[in-house]
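So the structure is just underneath, and the comments pick up after that.
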Amino acid sequence: MTGEGSGRPRLGGERIPPPEWFRRQATVSDPDVYDAFESEWPDCWRRAGDLLSWDDDPETVFRGGETPPFEWFPDGRLNASYNCVDRHLDERKNQRALVWEGPLGDSRSYTYLELHREVNEFAAALRDLGVGEDDVVTLYLPMVPELPVAMLACARLGAIHNVVFAGFSADALAERMARADSAYLVTCDGYYRRGDAIAQKNKADNARLALDHDVEVVVLDHLGQGVHLGPGYHDYGDLVADHAGAEVDPVARDAADSLFRIYTSGTTGEPRGVTHTTGGYLAHVAWTARSVLDIRPEDTHWCSADIGWITGHSYIVYGPLALGTTTVLYGGTADHPEKDRLWKLVDRHAVDVFYTAPTAIRAFMKWGKEHPARHDLSSLRLLGTVGEPIDEPTWRWYREHIGGGECPVVDTWWQTETGAILVSTLPGVDPMKPGSAGRPLPGIGAAVVDAGGEPVDPGESGELVLTRPWPGMPRALANGTGWGARDGRRTAADADSSDSVAPSESPDAGPWRYHPEDGAVADAEGYLTFLGRIDEAVNVAGRRFSTMELESTIVGVEGVAEAAVVGADDESTGTAIYAYVAPERDAPEADLRQRIRDAVEDAIGAVAIPAAVVFTPDLPKTRSGKVMRRLLRAVANDEDLGDTSALRNPEILGELRSRTHDK
Ligand code: WTA
């Protein structure tokens, strides 16, 4: 099996024990935690549930057998907004909950008391617009404080938020709203990115026009230039002013009730809706924020992801706030106005824990160590990475130049569907191995298997499977809606197809398994090195896109006959999108390339525009007419092509190679 993006694993490398100073103060430092979780499973997860405040304490931690339904904390009731805000008021109402730094040097912060007021007022406003339990409220906002406020306001009402990444296009927004049957939208006038103003409301207006149901729209006047509001539109500031001082009782939810919906990309060309639960999810993110990221209430935690992706949901908003810490929200980019911007902010806010993606670190390396060196980064205690494999040199640079050679680094593996971290070292317990993420966390069941589902030996690469349920699992996996796919991989149809989480389990016989669709190899100690996606998704700069979705967009462009999209290794973004396009005869190429880029920008967003569009008279195909993406990937990476005997048109490969590399 070959994985995308990461090259050969290096096993048996250096083993770096947790620094003694770190171990002494770590939230988890007892190595027995692994055995304890093992012998007490599933009740071991009570430790996670105990981090939360419940309206009805769960007597039962887990109910379920070998197959779904799986129920976490089945008799527990709680409210996520209460857990992230209200319960901290007694001890730290004047501590900062949120620190926001905008793109233009503007900044704002909210204490827990102030956050409580904002969340209540906006919850009251939403309630008066008609939002009730289980209504889906779409949030289409950039990194502004009102985004977590709106998430928590929804949670307070028992409404389900559906955050759509602000960089997505009108079409992508409309599709996600239609699938989620969402009749409420919160957006803003616009925002700045690298000095350019982005007209967010225009995109929201276009999405609204494309929907065939009514939508109430709340518009935040973020730029403060006044917004034109037609019927069905409401001004965020006015709504909040009208509800000044209002308080809304947090609605007690069953642990399995939905907290939010988020769309990700999977094997199919369609966005995959993932719905996370209130109890299991919150317990799992709180537990991992504490045990893996080592967050405690007096810390300032900075996860540099965007809230539009799962990482921001779990480790900017829910994990840190559930633990009562100070969480940093950064609305700008790492190199604007200068390449030392992040380090200036670490220094200014005395950040304790910093969590970012390997792509970002590779950019920092390219820019040079002098940028972090100009700032005092000694407040940092722990560094984390997520989103893609981190190679050893990048890991070492991060530890040396950001972590002062002293901070532990955790390489955390998880995905939208898992809700929270599942594989990492525990920084106060486990030695670090640069280039390897670590073992499955205590209580997590995982194995590396071959194509037949049999476990492979240490050192052999295979596919990672999860063999036991976990508290942060999404609803569709827990209630078995993903169960039953004959080949174990296809998205199972479901009453609410947008709520189906697909690659779920093995063929109907055999034990329950979830397939995250990642290649991996374990070493003798069980440390996992990840080898990249094995499905048709590509991770670009830690963001996941579906090649199928890209292909269907590109094929929709006039003049395109066929297209195949692959992920090519890329030094800075991990993977880059390469589109191989066979134009219809006589289609003008120059114009076509631009129209393809525009179409992708319209359908998905600028973030998904291919790094290369390579025109070819034909795609490499098998005799049965199937496009061999494996060969395109090899061409894009300038690798050995391996066996090409299945090809109908082998002569095309030389041509493809020169066109790819003569660009
Ligand atoms: C990849 C982001 C290697 C993996 C939280 C996974 C990783 C996909 C790591 C999920 C890591 C995430 N090492 N690969 N530490 N973390 N991935 O849903 O392929 O946006 O399946 O969630 O990112 O991407 P998603």
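No lab work stands behind these numbers, since they all come straight from the coordinates. Only a predicted model underlies this, so the values are computations on that prediction, with no experimental measurement involved. FYI the Cβ positions are ideal-geometry reconstructions off the backbone, even for glycines, and counts take in every protein chain you see.
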Dipole of the chain [Lys/Arg +1, Asp/Glu -1 at C-beta], most positive-end residue of Tyr192, His401, Ile421: His401
If you place +1 on the Cβ of every Lys and Arg and -1 on the Cβ of every Asp and Glu, how big does the dipole about the Cα centre of the chain come out, in debye to the nearest 20? 1280
Please turn the phi angles of segment 91-101 into ³J(HN,Hα) values with the Karplus equation 6.51 cos²θ - 1.76 cosθ + 1.60 (θ = phi - 60°), one per residue in order, whole Hz, x for glycine and proline. 8, 8, 5, 9, 7, 6, 8, 10, 10, 10, 10
Please compute P(r) over all alpha-carbon pairs of segment 537-663, binned at 10 Å starting from zero, and give each bin as a whole-number percent. 13, 46, 35, 6
Expressed as a percent, the portion of alpha-carbon pairs in the chain spaced more than 50 Å apart is 8
Where does segment 31-333 land on Rg(C-alpha)/(2.2 N^0.38 Å)? 0.99
Of the lysine pairs in the chain, how many meet both conditions: Cα atoms under 19 Å apart, and a spacing of 8 or more in sequence or different chains? 4
Of 122-134, 421-433, 513-525, ordering from highest average Cβ density within 10 Å down gives 421-433, 513-525, 122-134
Can you tell me the order of 281-290, 249-258 when each peptide is scored by its average per-residue count of other Cβ atoms within 10 angstrom, highest first? 281-290, 249-258
Can you tell me how segment 353-406 classifies by the Cα gyration tensor, rounded, prolate or oblate, using a/c under 1.5 as the rounded cut? oblate
Positive-end extreme of charge dipole, segment 14-110 - chosen from Pro42, Ser81, Pro103 (charges on Cβ): Pro103
Net +/- balance of residues flanking Asp221 in space, Cβ distance below 11 Å, scoring K and R +1, D and E -1: -3
About the Cα centre, and with charges only on the beta carbon of Lys, Arg (+1) and Asp, Glu (-1), how big is the dipole of segment 93-135? Nearest 20 debye, please. 320
Protection proxy (average C-beta count within 10 Å per residue), highest first, orders 106-116, 547-557 as 547-557, 106-116
So if R0 is 41 Å, what FRET efficiency would Ser107 and Glu589 give, r being the distance between their Cβ atoms, rounded to the nearest 0.05? 0.30
Lys/Arg +1, Asp/Glu -1 at C-beta; the chain dipole; positive extreme among Gly331, Pro458, Leu653: Leu653
